[in-house]
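The values are calculated or read from the model by the stated rules, or taken from the named source; none is laboratory data. Keep in mind that what you see is a predicted model, and the values were worked out from it rather than measured. Positions of Cβ are generated from backbone atoms using ideal geometry, with glycine treated the same way; all protein chains shown enter the neighbour counts. These accessible areas exclude ligands, DNA and RNA; they are computed on the full protein's heavy atoms, side chains included. Shrake-Rupley method; radii C 1.70, N 1.55, O 1.52, S 1.80 Å.
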Amino acid sequence: EDTLTVENIMEKLTYLKSEFGQQSLQTLERLSPTSLKVTLEALRRGKMESMDIAKTLQMEFRMGQRFVRHQESDLFEGVRAKLVEKDHSPKWNPSNINSVTNDYVMSFFDSLGKHELELDDIWNKEHLDLLKKEDTSKL
């Protein structure tokens, strides 16, 4: 079982006295706690051998939909802070890494039901086979 967590990463960076470690920690502390945890979970899932291109794109679609559909989305807050009001002071919800629950993170990967991305609707089997072979030159 993979026990690497965002909290572990940040704790280890706290003890690194190098400039790289301190800059990395400062960067992570500015980012959305939810996005950090969802991204780590996506990376964890993406490295699984059973994750072909179709499943990976479906997972990314689910995540994207959840980030834009949540009423108090950190995506919208990040856009507000960086591009609209330009105050560079996002108010993340939840505001700290320890408040982002595992259930909330996992909800970003749940089925979208009738809104689920079905690649067969977009690409035919030939295109999916080419992607599985990683030969995209014929697309």
Review point. If you go through segment 53-74 one residue at a time, do you hit one that is within 21 Å of the chain's Cα centre (by Cα), open to solvent by 70 Å² or more (accessible area, probe 1.4 Å), among the aliphatic types (A, V, I, L, M) and modelled with pLDDT of 90 or more?
Key: no
Only one of (1) farther than 24 Å from residue 114 by Cβ; (2) in a loop (DSSP other than H, G, I, E, B); (3) in contact with a helix residue (DSSP H, G or I) (Cβ under 9 Å, 6 or more places away or on another chain); (4) not basic (Lys, Arg) does not apply to residue 3, and that is (3)
Within segment 15-46, residues being more than 14 Å from the chain's Cα centre (by Cα) and more than 29 Å from residue 80 (Cα to Cα) number 5
Quick count over segment 100-131, residues being of a type in the set (D, E, K, R), open to solvent by 50 Å² or more (accessible area, probe 1.4 Å) and modelled with pLDDT of 65 or more, is 4
Out of all the residues in segment 38-49, is one or more of a type outside the set (Gly, Ala, Ser), at pLDDT 95 or above and open to solvent by 60 Å² or more (accessible area, probe 1.4 Å)? yes
Note on residue 87: of the conditions (1) at pLDDT 95 or above; (2) surrounded by 13 or more Cβ atoms within 10 Å (Cβ to Cβ); (3) not hydroxyl-bearing (Ser, Thr, Tyr), unmet is (2)
